[in-house]
Amino acid sequence: MLDRAYTDEVTSSDSGEEVAVAGWAHEIRDLGGITFVILRDRKGQIQVIFKEDEDEDLFNKAQDVGKEDLVHVEGIVEENDQAPGDREIQPTSLEIIGEAETPLPMDVSKNIDSDLSTRLDNRFMDLRKPEIHAIFSLKTKAMEAMQNWFDEDGYIEIDTPLISKGGAEGGAELFPVIYYDEEAFLSQSPQLYKQMLMAAGFDKVYETGTAFRAEEFATSRHVSEINMFDVELAFIEDHHDVMDVQEESFRHTLKKVKEEAADELETLDVNLTVPEEEFPRIKFDRALEILEEEFNHIPDDEGDLDTKGEKLLGEYFEEKGHPAFFVVGYPGEKFYYMQQVEDDEVASRKFDLIYKGQELSSGGQRQHDLETLEKWMEKQEVDKSNFQFYLEAFKFGMPPHGGYGLGIDRMIQKIAELDNIKEAILFPRDPDRLEP
Ligand code: ATP
Ligand code: MG
């Protein structure tokens, strides 16, 4: 390994010590006989000072360093309260490991906001920016916190297939693939498999996986390839047991992010509040009432909340100190696998978690009675022949169960307060983007 310390490991108390660092030339300042190179690695920045009258050879070498060149520097740490972080390096050697071509595809050091499309075209360069870097460091910590919650509670981590014969939720949103000599599809959700694992006696499972949606969207909250966090649990009373899990694990995640990603939040200029009180759980009908009474807004689609509806409800609850809340029982979405409330034909035991005005997850109690399940499949004209393997699992003792699927990218978008979900994905996919 190359001998080097991260820049955040070098402090003014190391004054007089030898150190080696490696990173990209974030900024170069030329003041006549003195040249400053600000070197950036993934942990921070440090100033390196080259003086002509102290080491002419090294000074001349420093003149060859261009912006975003990758350099390795050895030298002595000096305390300097004029320098960022109150310390700098007096170099004894300089090596350019990798030269950067000019012109650069985009600027990294200055706060010039390139448009998102340019940024994504040059994503490796865009990702060098400290404030972009912070998003993915925050994401790592958020996912660790979330998984920890489930691990502590005895959940089993699962991996389900990404290629299958049919999709859980039907045709239009599926990407076809050629699987040897037959047509198959990329998975839009692990729904069927996590349910089958309830019949297998796994009781509590979670999966950090990928889902594909071939939707024709042009929004700031949709992508074609999604990072999903899926949960399923058995022996539940009803969908409130599932909401309890979603609520507690999400609160825990926010709490840990606030504690452990404080630097990232500061870089992103986000003041994160952790909702300590119970998340409100309102019925769909009540959501419509609030929208009409408070905002005079009637969603376009009768059985669903539209984007504007979610946003307005978000404002309404945020003002009352609830950035997160559940909307329960959507009449518009009745997938065959969802449990219908018996005395209420229009409401399903489905819920959405809305956070900062945007849907983060959908879940509910599932249908575990085979006869009813088949009835709903027929009603919804689902081709049962594609799902025999799934239906088998209901014939030999299926416990009552439920779960949810949470969009990880949306969650990070909302926690980090990013305008577009694509900013929360390293290399996002949308109908117009298949590279990089
Ligand atoms: P929406 O109504 O917002 O399009 P959905 O109800 O179709 O989402 P679900 O099938 O309920 O989505 O998926 C569960 C979660 O996965 C959603 O709450 C969301 O966080 C995420 N998700 C779904 N589709 C997408 C997508 N195309 N891009 C990004 N995230 C998505
Ligand atoms: Mg949904």
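Quick notes on this structure:
- Answer residue from region 201-219, given it is of a type in the set (Gly, Ala, Ser) and surrounded by fewer than 16 Cβ atoms within 10 Å (Cβ to Cβ) and is nearest to residue 172 (Cα to Cα) among those: 218
- In region 32-39 there is no residue matching the filter, namely being of a type in the set (S, T, N, Q) and touching a Ser or Thr at 6+ places or on another chain (Cβ under 9 Å).
- Scan of region 306-340 for residues that are part of a loop (DSSP other than H, G, I, E, B), under 23 Å from the mean Cα position of the chain (by Cα) and within 16 Å of ligand 2 (Cβ to nearest atom), ordered by number: 306
- Hits in region 411-436 (condition: acidic (Asp, Glu) and within 15 Å of residue 131 (Cα to Cα)): 417, 419, 423
- Qualifying residue in region 248-264 (condition: buried (at least 21 other Cβ atoms within 10 Å of the Cβ), out of contact with any strand residue (DSSP E or B) (no Cβ under 7 Å at 6 or more places or on another chain) and in a loop (DSSP other than H, G, I, E, B)): yes
- Count - residues of region 344-391 that are within 16 Å of ligand 2 (Cβ to nearest atom) and either of a type in the set (Gly, Ala, Ser) or farther than 30 Å from residue 247 by Cα (or both): 7
- Of residues in region 22-74 being part of a helix (DSSP H, G or I) and not polar (S, T, N, Q), the one surrounded by the most Cβ atoms within 10 Å (Cβ to Cβ): 62
For every residue, the table says whether it meets (1) within 28 Å of residue 267 (Cα to Cα); (2) within 31 Å of the chain's Cα centre (by Cα); (3) among the small types (Gly, Ala, Ser).
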| position | (1), (2), (3) |
| --- | --- |
| 13 | yes, no, yes |
| 33 | no, no, yes |
| 53 | no, no, no |
| 60 | no, no, no |
| 77 | yes, no, no |
| 106 | yes, yes, no |
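- Count of residues meeting criterion [among the basic types (Lys, Arg) and within 16 Å of ligand 1 (Cβ to nearest atom)] in region 345-395: 4
Residue-by-condition table, conditions (1) under 30 Å from residue 197 (Cα atoms); (2) among the polar types (S, T, N, Q):
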{"site": "77", "(1), (2)": "no, no"}
{"site": "81", "(1), (2)": "no, no"}
{"site": "103", "(1), (2)": "no, no"}
{"site": "116", "(1), (2)": "no, no"}
{"site": "135", "(1), (2)": "no, no"}
{"site": "148", "(1), (2)": "yes, yes"}
{"site": "158", "(1), (2)": "yes, no"}
{"site": "179", "(1), (2)": "yes, no"}
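- Residue in region 208-231 that is more than 18 Å from residue 410 (Cα to Cα) and either touching a helix residue (DSSP H, G or I) at 6+ places or on another chain (Cβ under 9 Å) or assigned to a helix (DSSP H, G or I) (or both) present: no
Rule-based calculations on the coordinates, nothing more; no lab input. None of these values were measured; they are calculated from a predicted model. Neighbour counts are summed over all protein chains in view; Cβ atoms, including those assigned to glycine, are modelled from backbone coordinates with ideal geometry.
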